[in-house]
């Protein structure tokens, strides 16, 4: 496991813990994570740093779309961007997919625990079919999904056969 992957896991676990407690991911943490993501790539040279920065910018743009739709918070967007800096390209794509799958699992488990699974499925189908807005938003500490997706990504770097096919 690389230094970047280890730091990714530590930061996302801290973020998940804070998110569960406060329902926020602090800017200080996401800013430090972004700087750390660039710093771990610095020994590999300027191309590696620019590639990591490009991964962060692309992830920020994609996650901002989810934020504008009301699917996640601003701290989640910044944390996802910083995480993609650790993974760089092409790892950021796999990391994003792992985070999305973890988020879907978190939503399903939370909805089932709250007795809202049918409502979640109905709302998701309406959203997919008509672009309708969800009437009853289920707030989740998405930092948990980011940490879980990052852990899956980290394991898949060690055991490549576990990677999602992309």
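Is at least one residue of segment 68-78 farther than 22 Å from residue 18 by Cα and touching a helix residue (DSSP H, G or I) at 6+ places or on another chain (Cβ under 7 Å)? Scanning segment 68-78 turns up no residue that is farther than 22 Å from residue 18 by Cα and touching a helix residue (DSSP H, G or I) at 6+ places or on another chain (Cβ under 7 Å).
The residues in segment 65-80 that are assigned to a helix (DSSP H, G or I) and buried (at least 16 other Cβ atoms within 10 Å of the Cβ) can be counted, and the count is 8. Restricting segment 7-30 to residues that are farther than 20 Å from residue 103 by Cβ and without any contact (Cβ under 8 Å) to a residue 40 or more places away in the chain leaves a set whose member that is surrounded by the fewest Cβ atoms within 10 Å (Cβ to Cβ) is 28. Residue pairs whose Cβ atoms lie under 6 Å apart, separated by 6 or more positions or on different chains, with the first residue in segment 75-102 and on the phi > 0 side of the Ramachandran plot and the second surrounded by fewer than 23 Cβ atoms within 10 Å (Cβ to Cβ) and at pLDDT 95 or above, are 88/51.
Residues satisfying the criterion are present in segment 30-40 (criterion: assigned to a helix (DSSP H, G or I), over 22 Å from residue 142 (Cβ atoms) and touching a helix residue (DSSP H, G or I) at 6+ places or on another chain (Cβ under 7 Å)). The set of residues in segment 41-60 that are loosely packed, with under 15 Cβ neighbours inside 10 Å and in a helix (DSSP H, G or I) comprises 42, 43, 44, 46, 47, 50, 57.
Only one entry of 148, 111, 126 meets the criterion of being at pLDDT below 90, part of a helix (DSSP H, G or I) and buried (at least 19 other Cβ atoms within 10 Å of the Cβ), and that entry is 111.
The values are calculated or read from the model by the stated rules, or taken from the named source; none is laboratory data. Just so we're clear, the structure is a prediction, and the values are computed from it rather than from any experiment. Cβ sites come from the backbone with ideal geometry, for glycine too, and all protein chains shown count toward neighbours.
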